[in-house]
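Comments concern the structure below.
Throughout, read-outs are computed from the coordinates displayed, never taken from laboratory work. These numbers were taken from a predicted model, which means no experiment stands behind them. Using ideal geometry, Cβ is built from the backbone for each residue, glycine included, and neighbour counts are taken over all protein chains shown.
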């Protein structure tokens, strides 16, 4: 820049919008986004700048022919200006219908360990919350995210049946942390709930119990449905199947509804002598209910927890699995997936160890 003798040279200002445009231009060249730029709100979060700055940067790129601004819609990338230097994505996205705060502690630790291993190998992970409004809304949110970000593969954390089916139909590389529903062709990792509940029912039957009940939340989780199948199957194929009866008691997860369902169960003409209860918090609630009703455990009712209850770890008969081993298995599968691009659509099942306690007794 020229100046008159004796005058100070005024430096040129580099506007923040110009810097933002440079960052966006580089990301487009590297193939970060496919058809559209992310929304203004998303870009503000990524670049940590204001909306006016993002708008100015976007209009600058539009003038250069990188994209087309569409009123009321996201800006469309123009194929003619995209670089061929696009690299293979290294982004792994974790999809859940529940916030992290509601994950079971064991799953949280396993996911954290997996993310650490992926980071060590140079892969990025991002969490995408798709709360259960409708399957259509969930799929639209995922499609929007996919249009804005090149995703290498997905981790599905106990997502409902319809969302599993959608990922399977789209042939997106994904690992289900949980059990796959029938018709879903995806790899999965979960506890073998069918085998666990079959084993528990067989244990009750071997101790002379003939009136059995499984207490489980009414959900579309494939693991809970597998639990019901295994429990009922054990009774149906037992030598005393003519005398034995297996009942499945489903509740909505609230204390009030659980107590109502238990009232129906124990007010009947043939109340159960043995209970298998799914999920630790409900195991405690069932024990409290039995105590308030004056039913002793195991004197009048034997009880096994399907899942580990840490608060009364040695006081309740239950099934325990090695959480660290589960986390290592999850990390192993994910490192295989990011290395190969996909996994064979087969289940990987972990069978917990049964830990006996004084909540189960044999009938005479």
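Worth pointing out:
- Between the Cα long axis of helix 51-63 and the first principal axis of the chain there is an angle of about 60°, rounded to the nearest 10.
- Cβ-Cβ FRET estimate between residue 18 and residue 119, R0 fixed at 41 Å, reported to 0.05: 0.80
- Relative contact order of region 16-81: 37 percent, from C-alpha pairs under 8 Å at least 6 residues apart in sequence.
- Overall Cα dimensions of region 279-327, principal axis frame, Å, largest first: 41, 17, 14
- Shape of the chain, Cα gyration tensor, a/c cut at 1.5: prolate
- Calculated FRET efficiency for the pair residue 325/residue 101, C-beta based, R₀ 22 Å, to 0.05: 0.30
- Linear extension gain, residue 239 paired with residue 27, 0.36 nm per residue minus alpha-carbon span: 69.7 nm
- For the chain, built as a Gaussian network whose Cα springs stay under 10 Å, the top-fluctuating residue of 72, 253, 202: 72
- As a rough guide to protection, the peptides 153-163, 114-124 ranked by mean Cβ packing within 10 Å, highest first, stand as 153-163, 114-124.
- Gyration tensor verdict on region 16-81 (Cα atoms; rounded if a/c is under 1.5, prolate if a/b is larger than b/c, oblate otherwise): rounded
- Helix 135-148 axis, angle to the chain major axis (alpha carbon atoms, nearest 10°): 40
- Cα-based shape type of region 253-300, given that a ≥ b ≥ c are square roots of the gyration tensor eigenvalues and the cut on a/c is 1.5: oblate
- Rounded to 10°, Cα long-axis angle of helix 105-120 versus longest principal axis of the chain: 30
- Ordering 56-69, 238-251 by mean Cβ neighbour count within 10 Å, with the highest value first, yields 56-69, 238-251.
- Helix-derived mean residue ellipticity, 222 nm - over the chain, DSSP H n ≥ 4, -39500 (n - 2.57), to 500: -13000 deg cm²/dmol
- Normalised by 2.2 N^0.38 Å, where N is the number of residues, the C-alpha radius of gyration of region 193-320 stands at 0.96.
- Measuring r between the beta carbons of residue 364 and residue 312 and using R0 = 30 Å, the FRET efficiency lands at 0.65.
- Fully extending the segment from residue 62 to residue 140 would add 25.5 nm, taking 0.36 nm per residue of separation and subtracting the current Cα-Cα distance.
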